[in-house]
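To keep things clear, I will list the structure first and then write my remarks on it.
The values are calculated or read from the model by the stated rules, or taken from the named source; none is laboratory data. Predicted, not measured: the structure shown is a model, and the values here were computed from it. Virtual Cβ from ideal backbone geometry, glycine too; neighbours counted across all protein chains shown.
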Amino acid sequence: MPAMNLKKRQVMKRSDFLKLMSGAAAVAAIEPAFASGTASSVVSNEPVEPVSIATWRFGLETTKLAHQHLLQGGTALDATEIGVKLCEADPKERSVGLGGRPDRDGHVTLDACCMDHLGNVGSVAGVEDVVHVSSLARAVMEKTPHVMLVGEGARQFAQEMGFPLQDLLVPESKAEWEKWKEKSDYKPVINIENHDTIGQLSRDTEGRLAGFCTTSGMAFKMRGRVGDSPLIGPGLYVDGEVGAATATGHGEEVIRVVGSYRVVAEMEKGFSPHEACKRAVEKIYAFFKRREAGIQDTQIGFIALDKNGRVGGYALRPGFQYAVVRGFTPNAEPALVDVEALLP
Ligand code: SD4
């Protein structure tokens, strides 16, 4: 990282930072990293300001949890995984993990991926019976020679890795599906049906970036349909030397422009996270116009975090929000940000 960027960074003395840590275990957890200076892109011993950002209102809880972990010296990858798992385990969140809405045949199938600052990636798609598909994606990344497993093979891998298997269809989602079957009308409802994918990005105290994206995808999708969320490039992208981005909304449109990668590429050109997200949304809109496709049922939102800790977001339509928390204050409360939109 150029020295100039370091000056801009909000830093605190290492001794002060360690005082914030609770006990020897926490100190031990961060001490080796400070001592060895293993993070390739960090040239200072000062801790970097930790930041976590996540899509939608439930990000208030997931970023808070991640931030607490970051303050204890946790890695961006661990902290982000801990955050999104909270959402996956909540049966009231109807588009992520347990309680996710099923496909048109009544099967809940989950998609997830993760990426770290070094370019390690893992992904799973169309997985049944596994709540924590984020952790399964990470297991693909860390324990296999591959980067993506799908369907029955991913479920089998989960079983081999000791992930508990359980039915993910909760009565409320089943009832919604049965009601939907009366008409079988596939029509996403902006900011209601499509609002629950969680994409979360974090920067840890060594300046490392990581991200996760996890979802049950579009409600009542065709069996076998895969959206953007498990795809490295469209749903999530992290470049440890530039920044990270993730997407929510209508996956088919995000895939078309390789959305999250596009956001990171725009940041690499020098655009702020906000501007980079805006440019990706504008590209999606341009593709709609080019194809003369109907846009009325579509919502897309991007969030981004750059290497210097700046954050931003942008959406196709109003209603998208993200949660963000930063700094060295223990138990800091995340803020909820209403995102600017391209269309009224
Ligand atoms: C998908 N992008 O499967 C997901 C859905 C989503 O907020 O993000 N909903 O297309």
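Being free of Cβ contacts under 8 Å to residues at least 40 places away in the same chain and in contact with a strand residue (DSSP E or B) (Cβ under 8 Å, 6 or more places away or on another chain) is the filter; apply it to region 218-238 and report the residue that is farthest from the ligand (Cβ to nearest atom).
Only one residue tops the list, namely Pro234.
Exactly one condition in (1) away from the ligand (no atom under 16 Å from the Cβ); (2) within 17 Å of the chain's Cα centre (by Cα) is false for Phe163; which is it?
(2)
What is the number of the single condition among (1) without any contact (Cβ under 8 Å) to a residue 40 or more places away in the chain; (2) at negative phi; (3) acidic (Asp, Glu) that Glu292 does not meet?
(2) is the only condition that Glu292 fails.
Quick grid of which residues meet (1) of a type outside the set (A, V, I, L, M); (2) touching a Lys or Arg at 6+ places or on another chain (Cβ under 9 Å); (3) modelled with pLDDT of 95 or more; (4) within 24 Å of Met218 (Cβ to Cβ):
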{"position": "Val254", "(1), (2), (3), (4)": "no, no, yes, yes"}
{"position": "Ser260", "(1), (2), (3), (4)": "yes, no, yes, yes"}
{"position": "Val263", "(1), (2), (3), (4)": "no, yes, yes, yes"}
{"position": "Glu275", "(1), (2), (3), (4)": "yes, no, yes, no"}
{"position": "Arg279", "(1), (2), (3), (4)": "yes, yes, yes, no"}
{"position": "Lys283", "(1), (2), (3), (4)": "yes, yes, yes, yes"}
{"position": "Lys289", "(1), (2), (3), (4)": "yes, no, no, yes"}
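Considering each residue of region 255-289, count those that are more than 20 Å from the chain's Cα centre (by Cα) and touching a residue at least 60 places away in the same chain (Cβ under 8 Å), and give that number.
1
Looking at region 109-134, which of its residues are aliphatic (A, V, I, L, M) and not in a loop (DSSP other than H, G, I, E, B)?
Leu110, Ala112, Met115, Val121, Val124, Ala125, Val127, Val133
Examine region 79-99 for a residue that is under 14 Å from the mean Cα position of the chain (by Cα) and free of Cβ contacts under 8 Å to residues at least 12 places away in the same chain, and state whether such a residue exists.
Let us first name the residues in region 79-99 that are under 14 Å from the mean Cα position of the chain (by Cα), namely 79-88, 95-97.
Add one more test, that the residue is free of Cβ contacts under 8 Å to residues at least 12 places away in the same chain, and what stays is none.
Looking for residues that are under 14 Å from the mean Cα position of the chain (by Cα) and free of Cβ contacts under 8 Å to residues at least 12 places away in the same chain, one finds none in region 79-99, hence no.
Hey, any hits in region 33-50 for a residue that's surrounded by 20 or more Cβ atoms within 10 Å (Cβ to Cβ), modelled with pLDDT of 95 or more and under 19 Å from Asp306 (Cα atoms)?
Yes - at least one qualifying residue is present in region 33-50.
From Thr197, Thr215, grab the single residue that is out of contact with any helix residue (DSSP H, G or I) (no Cβ under 6 Å at 6 or more places or on another chain), within 14 Å of the ligand (Cβ to nearest atom) and modelled with pLDDT of 95 or more.
The match here is Thr215.
If a residue has to be more than 16 Å from the ligand (Cβ to nearest atom), over 23 Å from Val257 (Cβ atoms) and among the small types (Gly, Ala, Ser) to count, how many in region 283-337 make the cut?
Counting residues in region 283-337 that are more than 16 Å from the ligand (Cβ to nearest atom), over 23 Å from Val257 (Cβ atoms) and among the small types (Gly, Ala, Ser) gives 4.
If only one of Lys278, Lys269 is over 24 Å from Thr205 (Cα atoms), away from the ligand (no atom under 16 Å from the Cβ) and buried (at least 21 other Cβ atoms within 10 Å of the Cβ), which one is it?
Lys278
Quick one: count up the residues across region 220-240 that are more than 12 Å from the chain's Cα centre (by Cα) and either closer than 13 Å to Leu305 by Cβ or of a type in the set (A, V, I, L, M) (or both).
Within region 220-240, residues that are more than 12 Å from the chain's Cα centre (by Cα) and either closer than 13 Å to Leu305 by Cβ or of a type in the set (A, V, I, L, M) (or both) number 4.
Note down all Cβ pairs under 6 Å where the first residue falls in region 243-254 and is closer than 15 Å to Trp56 by Cα, the second is within 7 Å of the ligand (Cβ to nearest atom), and they're at least six residues apart or on different chains.
Going by the 6 Å Cβ cut-off, the qualifying pairs are Ala247/Asp228; Ala247/Gly235; Ala247/Val254; Thr248/Thr197; Gly249/Asn194.
Specify the residue that is farthest from Val150 (Cα to Cα); the eligible residues are those in region 223-258 that are among the hydrophobic types (A, V, I, L, M, F, W, C) and in a loop (DSSP other than H, G, I, E, B). Break it down into steps so the answer makes sense when it comes.
Taking region 223-258 as the starting set, the residues that turn out to be among the hydrophobic types (A, V, I, L, M, F, W, C) are 226, 231-232, 236, 238, 242, 244-245, 247, 254-255, 257-258.
Now drop any that are not in a loop (DSSP other than H, G, I, E, B), which leaves 226, 231, 242, 257-258.
Details: Val226: 10, Leu231: 12, Val242: 29, Val257: 23, Val258: 20 Å.
The selected residue is Val242.
Run Lys289 past the list (1) in contact with a strand residue (DSSP E or B) (Cβ under 6 Å, 6 or more places away or on another chain); (2) farther than 26 Å from Arg138 by Cβ and report the number of the one that doesn't hold.
Lys289 satisfies all of (1) in contact with a strand residue (DSSP E or B) (Cβ under 6 Å, 6 or more places away or on another chain); (2) farther than 26 Å from Arg138 by Cβ except (1).
Residue check: is Ser260 crowded, with 24+ Cβ neighbours inside 10 Å and polar (S, T, N, Q)?
yes
For region 126-140: of the residues being touching an Asp or Glu at 6+ places or on another chain (Cβ under 8 Å) and of a type in the set (A, V, I, L, M), which is nearest to Leu77 (Cα to Cα)?
Val133
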